[in-house]
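Scroll down for the structure; my scribbles are underneath it.
All of the numbers you see were taken from the coordinates with simple rules; none came from a lab. The model shown is predicted, which means the values in this text are computed figures rather than measured ones. All Cβ positions, glycine included, derive from the backbone under ideal geometry; neighbour counts span all protein chains shown.
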Amino acid sequence: MSIIKTFLVKLGLSGLTSSALVEKGRNHVTMLTDNPNYPTLQSELADTTKACDDLDAANQEMLFNGGKIASEKKRELDSALRIRLTGIGQQVQVISGGDKAKILSAGFEVRKSAEPITKLSQPQDLRSSLPGFSGLVDLDWEVVRGARYYNVWFTAGDPTTAQWQLAGSTTKSRYTMEKLTPGTTYSFRVNAVGARAESIFSDITSIMAA
């Protein structure tokens, strides 16, 4: 069974000047006119063209004459066109069903998918401390980008030769070891686990349980 990949519309409105917004609006009108993928959007194109014309006129008025009234009118028309193009983009998303070719045919781009993280960094700054209760040791370390959870390992023997045991897993960058034998020195290490990768082990920290 094949997997159909769907895409999301990228509006591309952020950071546009009013002049660039007019150009973008006119491009959408051109791309959507008689576009067989979007018959229901044809009725909106005349109003979109008018919104572009109105903002273009306000841009010219502001450029040549300036003034507070012209500036306020330009802001209102800029906002109105952004709202209209946002609405069109939302309809394109629904009508296209996430089909990339159909989205592009409307003059919109598609959002880039986040690249999966295939390599996780070694957990750094692993620390152990005594919380003040017998048999407990607190561990904490720096967050690893891309980690879904962490495995915590421990040993009561020589950390270079003893067999390590998995104490448990946690989604947080901290963990409390329980039921440890007072007066015994324990060593700890952690590794991060992501969707497609595991990190190497952290450096070791050792402490005597109280």
May I ask for the angle, rounded to the nearest 10°, between helix 18-32 and the longest principal axis of the chain, with both axes built from Cα atoms and the value confined to 0 to 90°? 80 degrees
Given K24/K119; K119/K172; K10/K119; K112/K172; K24/K68; K68/K112, which pairs have Cα atoms separated by over 31 Å? K24/K119; K68/K112
Relative contact order %, region 127-208, counting alpha carbon pairs below 8 Å whose residues are six or more apart: 33 percent
Let me know the charge dipole size of the chain about its Cα centre in debye, to the nearest 20, where only the beta-carbon of Lys, Arg (+1) and Asp, Glu (-1) is charged. 240 debye
Leaving out same-chain residues fewer than 8 places away, which aspartates and glutamates sit with a Cα under 14 Å from that of K179? D138
Can you find, among I83, S105, T6, the residue sitting farthest towards the positive end of the charge dipole of the chain, where Lys and Arg contribute +1 and Asp and Glu -1 at Cβ? T6
Loop GluC sites (Glu not before Pro), region 120-208, which have at most 11 other Cβ atoms in a 10 Å radius of their Cβ (DSSP): E178
Compute the acute angle (0 to 90°) between the alpha-carbon long axis of helix 45-64 and the principal axis of greatest extent of the alpha-carbon atoms of the chain; round to the nearest 10°. 90 degrees
